[in-house]
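Nothing in this text is a laboratory measurement; each read-out follows from the coordinates by a stated rule. Keep in mind that what you see is a predicted model, and the values were worked out from it rather than measured. Don't worry about glycine lacking a Cβ; one is built from the backbone with ideal geometry, like all the others, and counts go over all protein chains shown.
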Amino acid sequence: MKNPEQYFELVQERPQLFSNPEGTAITILLDQEAIAQAEAVMQAALIEQGIDPARAREWSQAGLAYRDQYLLVLRDAVRFPDGALGTYLRLVEPREHTPGVAILPMYQGKVLLLRHFRHATRTWHLEISRGFGWPGCTSEESAYRELEEELGARPLRLVPLGQIHPNTGMAAECDELFYAEVAAYGETDRREAIQEILPTPLPLFERLLRENEITDSFTLAAYAQAKARGLL
């Protein structure tokens, strides 16, 4: 295993991350013998795929693969639905109860879109305001802070739109969506990689969706939730 002490500390501190609810399809294994068996099966499978044995051993080790203030990467030993053993990577929040937030801001009937450069994709995106949750803050308080930082705005109205799991295949991330109405907006925080704020009439916004100019999942989800609630 990799960092077994930290991994099992996490099992004790945040047991919900390792639960196997009734009817679960992929079972997390916490018995040391079962973990070793799963690692061996995965290592053999990787070698069969032509992976160098030393690298195959590294890539098959269950445990805590990586951790910093933003990201926690786990590789769990698991039993798959067909009974086969193996290991499975996932990303989880490094802290409990700090969901990120994304806010669909409306100004005089227009969506305030940001032209935002994202390092992960190495390109510009049209998207709504979003960011990490702030430790010790409610999701509403985090939403207020994001609007102030990215739009220089304070909402007149803030409506919860529910939650989003943006990448269920890899990440345990769960974020809160909001709809906001603002009376004014100002300059964005210069530390953010935001080129401009674009007040976008709803017909244009929807055309940008159809033409695939807006691809950000948070923006798409917030729009769908606001539309379903009759807010747009």
Item to check | Distance (nanometres) between label positions extended 7 Å along Cα→Cβ at residue 71 and residue 16 | outcome: 2.4 nm
Checklist entry - In whole angstrom, and with the biggest value first, how far do the Cα coordinates of the chain range along each principal axis? => result 62, 37, 36
Next on the checklist: Tell me the Kirkwood radius of segment 113-232: reciprocal of the mean inverse pair distance over distinct alpha-carbon atoms, in Å.
Outcome noted: 15.1 Å
Checklist entry - Restricting attention to segment 1-103, which GluC sites (Glu not before Pro) occupy a DSSP loop and are surrounded by at most 15 other Cβ atoms within 10 Å? => result 22, 96
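May I ask for the Rg/Rh ratio of segment 74-122, computed from Cα atoms with Rh as the Kirkwood radius, given to two decimals?
Details: Rg = 19.4 Å, Rh = 15.7 Å.
Dividing the radius of gyration by the Kirkwood radius yields 1.24.
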Next on the checklist: Using 0.36 nm times the number of residues separating residue 36 and residue 145, minus their current alpha carbon distance, what extension gain do you get?
Outcome noted: 34.7 nm
Checklist outcome for this item: Of the residues 37, 70, 8, the Cα lying farthest along the dipole of the chain towards its positive end, which is defined by charges on the beta carbon of Lys, Arg, Asp and Glu, belongs to 70
Checklist entry - Calculated FRET efficiency, residue 49 and residue 82, Cβ-Cβ r, R0 22 Å, to nearest 0.05? => result 0.70
Item to check | Intensity falloff of segment 56-99 expressed as log10 I(q)/I(0), Debye formula with alpha-carbon point scatterers, at q = 0.28 Å⁻¹ | outcome: -0.96
Checklist outcome for this item: Percent of all Cα-Cα pairs per 10 Å bin for segment 1-49, counting from 0 up to the last occupied bin, reads 22, 44, 29, 5
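Per DSSP H run of at least 4 residues, take -39500 (n - 2.57); add these up for the chain, divide by its residues and hand me the 222 nm value, nearest 500 deg cm²/dmol.
Using -39500 (n - 2.57) per qualifying helix, the result is -9000 deg cm²/dmol.
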Checklist outcome for this item: The distance between the Cα centres of segment 171-232 and segment 111-170, in whole Å, is 9 Å
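Go through segment 133-207 and name the GluC sites (Glu not before Pro) that are in a DSSP coil and have 10 or fewer other Cβ atoms within 10 Å of their Cβ.
Those satisfying the criteria are 187.
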Checklist entry - Which whole-number value in Å³ per residue fits the convex hull of the alpha carbons of segment 4-92? => result 106 Å³
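Using the Cβ atoms and a cut-off under 12 Å, what net charge is assigned to the surroundings of residue 141, where Lys and Arg are +1 and Asp and Glu are -1?
Combined, the nearby Lys, Arg, Asp and Glu give -3.
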Checklist entry - Relative contact order (percent) for the chain, with alpha-carbon contacts under 8 angstrom and 6 or more residues of separation? => result 18 percent
